[in-house]
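Asks: Quick one: the structure is below, and I'll ask about it shortly.
The values are calculated or read from the model by the stated rules, or taken from the named source; none is laboratory data. All of these numbers come straight from a predicted model, not from anything done at the bench. Every residue, glycine as well, gets a Cβ built from its backbone with ideal geometry; the counts of neighbours run over all protein chains shown.
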Amino acid sequence: MTDTESARIHILDTHTANRIAAGEVVERPASVVKELTENAIDAGATRIEIRVFDSDCCKLQVSDNGCGMSAADMRMAVLRHATSKITSADDLLSLTTLGFRGEALPSIAAVSVMTITSKTADSELGYTMTVDAGKAAMPQEIGCRQGTTVLVDRLFYNAPARKKFLKSPRTEMRLITDTVANLAVAHPECAFVFRHGNSHAITTKGGNDEVAAILAAYGRNSLQDMLRMALHEQDGMQLHGYISAPSVSRSTRDQYHFFVNGRAIRCRELYAALENAYFTQVPTGRFPAAFLFFNLPPQSIDVNVHPAKLEIKLRDPESVRRLVESAVMDTMIRMEYLSAGTADVAQLRTVAPVVPLPIRSDREKAQQKWLSSEPVHMTQMQLRQAFNSGQPELETSDFASSDTYKRPTRDSVSYSRSNAADDDTDKLIEFIMERRKMLQREMDQRINGFSYSSLRVLGQHLGTYIVCSDGFDLVLIDQHAAAERVNYERIAAEAEDRPVDASMLAVPISLSFSYSDHILLTENILKLRDFGFILEYFGDTTYVIRAVPSWYDGSQPENLLFSLLEQLRSGVSDSVKLRREELFLAACKKSIKANRYLTAQDISGLFAQLDKCHNKYTCPHGRPIALRITENELRRRFLR
């Protein structure tokens, strides 16, 4: 190997390595706030003050009353991989602190001008030190209070490429607000003061008051229609929190707030567990809201899978899933609503527990009627009349106990070799089989002309599926999906006739938003007006809804506004999509639910309306309305 070839690989200088490490940890101003605040919490602080001085979010400060640092610790803290949280690799298996990598301070210092001021409890004087682009000066004595203050100025001044990829100042400010809100809720034992300029964005009082912290961080409406989840324990794991009632849902997962051992985290397994628990409780494509607080054994989670520690990996996700599902189901049964009118009052209103409907007894009655009914044996004359018309001419009794229609066979026409009518019977059966084939071919070609009203109702299964026959095949119809399609096309037609205009409310609605949503509202106020909302700013973070879109016929327009904000927060402002989703939701709420037995008149009316729909084969969410089981399939299943 020549010297030229060996020179291709070299060691990066310290400054460049620090800049690269900073790119992993310090993605934006919100990352700085998160890292510094977590350090303050690990330092035992009971009060943390966060300030953003400028509109560009490039000058930030985090102050705490924690244990503080000595001059030696201060010098060591700005070196890479310097930490007081762990001493060996084994400590990674049982982490109890928020930070542990030892990269936060040096990474921030590498792309800013950082000033650290700190004092310990047993020291008369504190120390201050400036670090410019990773180069630290000597600590100087200074008079200050106990704790640590970190001032970050000119963020990304020496990394213009990273600064260029930041979002708008309002968006960056909203991300900082969301970060502080998550930290404040995750640690209600600590008092938080978050100021933007001279305004107080978030203020919590500490004292382990979770409800007060949530209301202060996310607004007074954040716990509206929420259920209190009592403490649930299982296999050394603990879970408590607040979840939305089944009648409340969102269009995105933005209202998922999961906290594991004091960390606000993202975890697909936990998302799936929550959605499984709400399966059939909320419409397809809609999501619940939740504040869930987990206390898991440190060795059961891995927090070292993301540079900013935003995601975790579960060692036994199945156990956690069972815990979530059992806790959610138990909470829905007890239905304890949280009264969250003010941050100072958090009383529970206990309503009567949900009593399951007597589905079993209804099923047993229907099954008993079904089993006790006698099958019909048709004469040759009846067979001729039935198949000449294409439909069996039988009188239908009550739908739940309808006489079963028996397909013609040699036995059903009392076939016998000694009978004088043997030849007529054989000819009749051949005629029937030929006509069946002809009708089957016709049915294959008449998809667009399929008629639900022409079906013969045989019964209802589980109060959910309508069992029918078209003379040859069995047809199972999902009554809820059918009603959804009917209601959606009716509501959509009514909405189509109304312009996207504002309809004034008789009684205006006052809403208090989180500071993050307040920023989002002011940034998109023109879009909201074009959508049909008229909002009036009422001071602080309070708005009054004066008018709503003219097409909206729901009883809670604030929910429509929250859905629109969720779309805007996720970067989508497609009013057509949101309008369609709201129509889906309205159609679902007004539709026949499962586990409900219908009368023959109900079914007849539903089929007549379904036949008038433009699309009568799927519900608005794309699920099939009808399922056909052919005679060939039945023969195959019965090995005939």
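Asks: Tell me the residue from L610, L583 that is assigned to a helix (DSSP H, G or I), modelled with pLDDT of 75 or more, touching a helix residue (DSSP H, G or I) at 6+ places or on another chain (Cβ under 6 Å) and not polar (S, T, N, Q), please.
Replies: Selected residue: L610, the only one of L610, L583 that is assigned to a helix (DSSP H, G or I), modelled with pLDDT of 75 or more, touching a helix residue (DSSP H, G or I) at 6+ places or on another chain (Cβ under 6 Å) and not polar (S, T, N, Q).
Asks: Taking the stated definitions as given, is V62 at pLDDT 85 or above, closer than 27 Å to E141 by Cβ and part of a helix (DSSP H, G or I)?
Replies: Answer is no for this residue.
Asks: Determine whether I108 is under 24 Å from L79 (Cα atoms) and assigned to a helix (DSSP H, G or I).
Replies: Against the criterion (under 24 Å from L79 (Cα atoms) and assigned to a helix (DSSP H, G or I)), I108 qualifies.
Asks: Something else: Within segment 247-256, is there a residue that is closer than 25 Å to E49 by Cα, part of a loop (DSSP other than H, G, I, E, B) and either outside the structural domain of T179 (by TED's automatic domain parsing) or at pLDDT 90 or above (or both)?
Replies: no
Asks: A further question follows. Within segment 613-640, restricting attention to residues that are part of a loop (DSSP other than H, G, I, E, B) and of a type in the set (A, V, I, L, M), which residue is surrounded by the fewest Cβ atoms within 10 Å (Cβ to Cβ)?
Replies: L639
Asks: Filter segment 260-276 for residues that are modelled with pLDDT of 90 or more and within 18 Å of F287 (Cα to Cα) and give the result.
Replies: Matches in segment 260-276: L274 only.
Asks: Right, next: Within segment 118-166, which strands (runs of 3 or more DSSP E) (wholly inside it) include 2 or more residues that are within 18 Å of L36 (Cα to Cα) and of a type outside the set (K, R)?
Replies: Of the strands (runs of 3 or more DSSP E) lying wholly inside segment 118-166, those with at least 2 residues that are within 18 Å of L36 (Cα to Cα) and of a type outside the set (K, R) span 126-132, 147-153.
Asks: Quick check: is even one residue across segment 478-493 part of a strand (DSSP E or B), of a type outside the set (S, T, N, Q) and at pLDDT 85 or above?
Replies: yes
Asks: Restricting to segment 275-294, name every residue that is within 8 Å of the chain's Cα centre (by Cα) and hydrophobic (A, V, I, L, M, F, W, C).
Replies: Within segment 275-294, F287, A289 meet the criteria.
Asks: If the Cβ limit is 8 Å and pairs must be 6+ apart or interchain, which residue in segment 195-218 that is outside the structural domain of N182 (by TED's automatic domain parsing) and crowded, with 20+ Cβ neighbours inside 10 Å pairs with which residue that is modelled with pLDDT under 90 and charged (D, E, K, R)?
Replies: A212/D344
Asks: Could you go through segment 547-556 and let me know if any residue there is over 27 Å from V282 (Cα atoms), small (G, A, S) and modelled with pLDDT of 85 or more.
Replies: yes
Asks: Something else about it: Looking at segment 224-242, is at least one residue outside any strand (DSSP E or B), among the hydrophobic types (A, V, I, L, M, F, W, C) and under 18 Å from the mean Cα position of the chain (by Cα)?
Replies: no
Asks: Follow-up question, since we're still on this one. Look through P139, P188, P169 and report the one residue that is more than 22 Å from the chain's Cα centre (by Cα), surrounded by fewer than 21 Cβ atoms within 10 Å (Cβ to Cβ) and in contact (Cβ under 8 Å) with a residue 12 or more places away in the chain.
Replies: P169
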